[in-house]
Amino acid sequence: MKWVSYDAGDGVRTGVIDGESVRGLAAGTTLEALLESGNLAEAGEDARRAPAEVRGLAEVTLLAPLRRPQSVRDGVGFLEHLRNCYRVLGRDGALDPAWSHSPAFYFANRDAIVGPYEDVPVAPGSAMFDLELEVGAVLGRGGRDLHPDRAEEHIAGYTLFNDWTARDHQLVDLAQGIGQAKGKDCAITLGPALVTVDELEPYRRDGRLAITLSATVNGEELTRGSLDQMDWTFGELLAYASRGTDLLPGAVIGSGTVPRGCLLEHVDTPALADFTGWLRPGDVVSLCGEGLGETRQTVTEGTGVLPLRPAGVVR
């Protein structure tokens, strides 16, 4: 099933896509609540058999399927993405052995979720705005200390995931050394649908989802890759993330960026600020995934920055 959240002009509803229509559930039903209750499959059958309403896809606005997930973690499943970024930043591209010991992740801003066709303002004050091509796995069943060979059984489905990034702010985050902050705070795209695991089985090869993924900027392809090339699998990401803590239904974890799936990896000048390819207002960014659909968003002007005083200076 392909679960969506949508608005047809009379409030946000939840439903499943059926061809060129959406079969909606009763008003007030949310995908977050269905995942939390464990009733996703049953609700899907209800939507197919006796929907509260049926709308044409052309009549509705698709929103992020999960508008406020239980939590959002973003992993680093593709190590080649990291090597490429290191080279641009003047490192030799070799990774510290720590990257092969466990899959890294950071906590992302679940309050910054945007839908697959919503405009995205440039992060305030950023001159180095970027996209990241990813897939998000959504938990349908919680767990703790999950086994890496069985953790994927807890996944309800997958969605496209764009981890919008202000690279200049990220450089400040890195200098401060306590983790991702304002560089990753402005927006995360989810959508257009939460596609259930069974729907994607035709793409499984040797136990992995071999989904072709691509990203374009203004119609020009930036990269193309496959989800089955992850160095750390979703099962391993979930197992590591669940060590000593509870993962709850509705939690989202990102795959990490498909190699060359962000502008940073395409920088061709020694000075990042001199790169002319950063996103600007009016640019159109699209992500596409086999079986997952396509996002299409326009970058818009960001707000100004209110200055802070230097630390230690009394006003």
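The values are calculated or read from the model by the stated rules, or taken from the named source; none is laboratory data. Quick caveat: nothing in here was measured; it's all calculated off a predicted structure. Every residue, glycine among them, receives a Cβ derived from its backbone with ideal geometry; neighbour counts consider all protein chains shown.
Okay, here's what the table says:
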item: Residue among LEU57, LEU31, LEU40, LEU35 that is in contact with a Phe, Trp or Tyr (Cβ under 6 Å, 6 or more places away or on another chain) and not assigned by TED's automatic domain parsing to the domain that holds VAL197; result: LEU31
item: Strands (runs of 3 or more DSSP E) wholly inside segment 217-315 that include at least 2 residues being closer than 20 Å to TYR106 by Cα; result: 252-254
item: Lone qualifier among LEU174, LEU160 - being in a strand (DSSP E or B) and either in the same structural domain as SER214 (by TED's automatic domain parsing) or within 22 Å of THR216 (Cα to Cα) (or both); result: LEU160
item: Unique residue being in the same structural domain as ALA215 (by TED's automatic domain parsing), acidic (Asp, Glu) and closer than 30 Å to ASP198 by Cα when the list is GLU265, GLU290; result: GLU290
item: Matching option when the condition is closer than 17 Å to ASP10 by Cα and either without any contact (Cβ under 8 Å) to a residue 12 or more places away in the chain or surrounded by 13 or more Cβ atoms within 10 Å (Cβ to Cβ) (or both), among ALA33, ALA58, ALA52; result: ALA52
item: Strands (runs of 3 or more DSSP E) contained entirely in segment 1-117, each with at least 2 residues that are within 26 Å of HIS154 (Cβ to Cβ) and of a type in the set (Val, Ile, Thr); result: 12-18
item: Checking THR269 against (1) of a type in the set (Ser, Thr, Tyr); (2) modelled with pLDDT under 95; (3) surrounded by 17 or more Cβ atoms within 10 Å (Cβ to Cβ), the condition it does not meet; result: (3)
item: Residue check for VAL4: β-branched (Val, Ile, Thr), in contact with a Ser or Thr (Cβ under 8 Å, 6 or more places away or on another chain) and buried (at least 19 other Cβ atoms within 10 Å of the Cβ); result: yes
item: For GLU134: the one exception among (1) within 22 Å of LEU66 (Cα to Cα); (2) of a type outside the set (Phe, Trp, Tyr); (3) not in a strand (DSSP E or B); result: (3)
item: Residue among GLY93, GLY140, GLY125 that is touching a helix residue (DSSP H, G or I) at 6+ places or on another chain (Cβ under 6 Å) and closer than 30 Å to ASP274 by Cβ; result: GLY93
item: Pick from segment 166-184, criterion within 19 Å of the chain's Cα centre (by Cα) and closer than 18 Å to ARG280 by Cα, ranking: surrounded by the most Cβ atoms within 10 Å (Cβ to Cβ); result: ALA166
item: Selected residue (only one of VAL114, VAL88 is of a type in the set (A, V, I, L, M, F, W, C), at negative phi and touching a strand residue (DSSP E or B) at 6+ places or on another chain (Cβ under 6 Å)); result: VAL114
item: One residue from LEU213, LEU146 being in contact with a strand residue (DSSP E or B) (Cβ under 9 Å, 6 or more places away or on another chain), crowded, with 20+ Cβ neighbours inside 10 Å, of a type outside the set (D, E, K, R) and in a loop (DSSP other than H, G, I, E, B); result: LEU146
item: Boolean, THR303 is closer than 23 Å to VAL122 by Cα, in contact (Cβ under 8 Å) with a residue 12 or more places away in the chain and within 22 Å of the chain's Cα centre (by Cα); result: no
item: Count of segment 12-33 residues which are under 20 Å from ARG141 (Cα atoms) and among the basic types (Lys, Arg); result: 0
item: Total residues in segment 256-309, condition of a type in the set (Val, Ile, Thr) and over 29 Å from THR61 (Cα atoms); result: 4
item: Condition met for SER126 (more than 24 Å from TYR240 (Cα to Cα) and small (Gly, Ala, Ser)); result: yes
